[in-house]
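Quick notes on the structure that follows.
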Amino acid sequence: MHIHLQNPAGETLFAFSDSMWAAACDRAGAIAQGHQVTIGGTPADFATAMRTAEAVISDAGVLRSCMPFAAPHLKLVFVTNAGLDALAPYDWLPPGAALMNNRGTHAGKAGEFGIMSLLMLANRVPRMVTQQRQGVWKEMWGSVLGGRTVTVIGLGSLGGAVAQHARQFGMVVTGMRANPAPHPACTRVIGMDALDEVLPSTEFLVLACPLTPATRGLMDRRRVDLLPAGAGIVNIGRGALLDQDAVCDRLDASTLCGAVLDVFNPEPIPAGHRLWTTPDLIISPHTSADDPNTYNPVSIDIFFENLRAWQAGKPLPNRFDFERGY
């Protein structure tokens, strides 16, 4: 099989390399042997490789920038992103080719970022940062996480990892997902229809679900206002899940203990936007789930898991579901 890996032009931090591929092949065993492998970094490299490539590994931005492209032999498209909404509509996909995301790559980093954010909120770090900028010395007391309530929206690799860490800290974890099946880290799991019922007793809210037609605007102003006084918000999902102005209004009114936001609408945040000066808000520039040391190696490992399933005629673990949007 001809497998092509395409890097963003000029990328160094998150770039595929020959040595990275060789190390992944050693980990994967027989499934990784006997392939023709090319690595490109320019549009010309991509166009040339697509003439014969049967599998491509790249991120959504690179694929979008190379469209339209002809790939008569392409069977597997492995995208090194969890959310593939940037690639919609999907009419560019060659007939018969399977589209996959890299779900699972982000779990380790996102889980640690999520629990770090909850610890910061419980210890009033956003308020401390605000007071520091104002040159104000005022005692600010935090609390432990044990016994406190957190609602995690989305229990995939990101939200599931946050929920697991929260449970280990003794939190009472409620999870929400489309299919409200039990989750080992959660005291209970609810569907979207029950979200309004749990928000008034939610001390901390973590958004970690994909952006789909069903979740766009999920936490609108009405639902943000259902959170109790002193609640905290973490968003590591997508910016369009959350009404940012509603959050800023509550932070301005000091009715939330703080917020840690990693994703925004739009991105990057424009100069002069109110987010930059909203009190008790920690801004992360969409980096919560990405570790340069592990991101691409783990993604390649997941690609080989899917290739193994494909060759065995089994369902692909990471196949993108067009109807569900993830």
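Please treat every number below as a calculation from the coordinates, not as lab data. All figures in this text were calculated on a predicted structure; none of them were measured in a lab. As a convention, Cβ positions derive from the backbone with ideal geometry for all residues, glycine included, and neighbour counts pool all protein chains shown.
Side notes on the structure shown:
- For the stretch 41-133, the residue among Ser58, Gly108, Ala47 whose Cα projects farthest onto the positive side of the dipole built from Cβ charges is Gly108.
- Within the chain, helix-based [θ] at 222 nm, where runs of 4 or more DSSP H residues each add -39,500 (n - 2.57), nearest 500: -8500 deg cm²/dmol
- The spacing between the stretch 38-110 and the stretch 231-295, judged by their C-alpha centroids, is 29 Å.
- Backbone phi angles across the stretch 212-228, fed through the Karplus curve with coefficients 6.51, -1.76 and 1.60 (θ = phi - 60°), yield HN-Hα couplings of 9, x, 6, 9, 4, x, 4, 8, 7, 4, 4, 6, 4, 6, 6, 5, x Hz in residue order; Gly and Pro are listed as x.
- In plain terms, the residue of Cys66, Cys209 with the fewest other Cβ atoms within 10 Å comes first and the most crowded comes last, giving Cys66, Cys209.
- Computed 3J(HN,Hα) for the stretch 202-209, one whole-Hz value per residue from the Karplus formula 6.51 cos²θ - 1.76 cosθ + 1.60 where θ = phi - 60°, is 8, 7, 9, 10, 10, 9, 9, 9, glycine and proline marked x.
- Rounded to the nearest 20 debye, the dipole size of the chain about its Cα centre is 420 debye, using +1 on the Cβ of Lys and Arg and -1 on the Cβ of Asp and Glu.
- Once both labels are positioned 7 Å from their Cα atoms along Cα-to-Cβ, the gap between Val198 and Lys314 label points is 3.1 nm.
- Residues listed by number, the stretch 90-105, amide nitrogen under 13 Å from Glu11 label point at 7 Å toward C-beta: 102
- Were the residues from Gln131 through Ser65 laid out at 0.36 nm apart, the gain over their Cα-Cα distance would be 19.4 nm.
- Segment Thr294-Asp26, length gained on full extension (0.36 nm per residue, minus Cα span): 94.9 nm
- Mean Cβ count within 10 Å, highest first, over the residues of peptides 70-80, 312-322, 102-112: 102-112, 70-80, 312-322
- Nearest-ten-degree value, helix 295-311 long axis tilted from longest Cα axis of the chain: 50
- Calculated P(r) over Cα pairs in 20 Å bins from 0, in percent (choose from [x] 33, 62, 4; [y] 29, 59, 12, 0; [z] 30, 52, 17, 0), label: [z]
- Protection-proxy order for peptides 32-44, 149-161, each taking the mean of Cβ atoms within 10 Å per residue, highest first: 149-161, 32-44
- Ala86/Glu305 FRET efficiency (R0 35 Å; Cβ-Cβ; nearest 0.05): 0.90
- In nm, spacing of pseudo-spin labels at Glu267 and Met140 (7 Å Cα→C-beta vector): 2.6
- Using a cutoff of 8 angstrom between alpha carbon atoms and counting only pairs six or more residues apart, the relative contact order for the chain works out to 17 percent.
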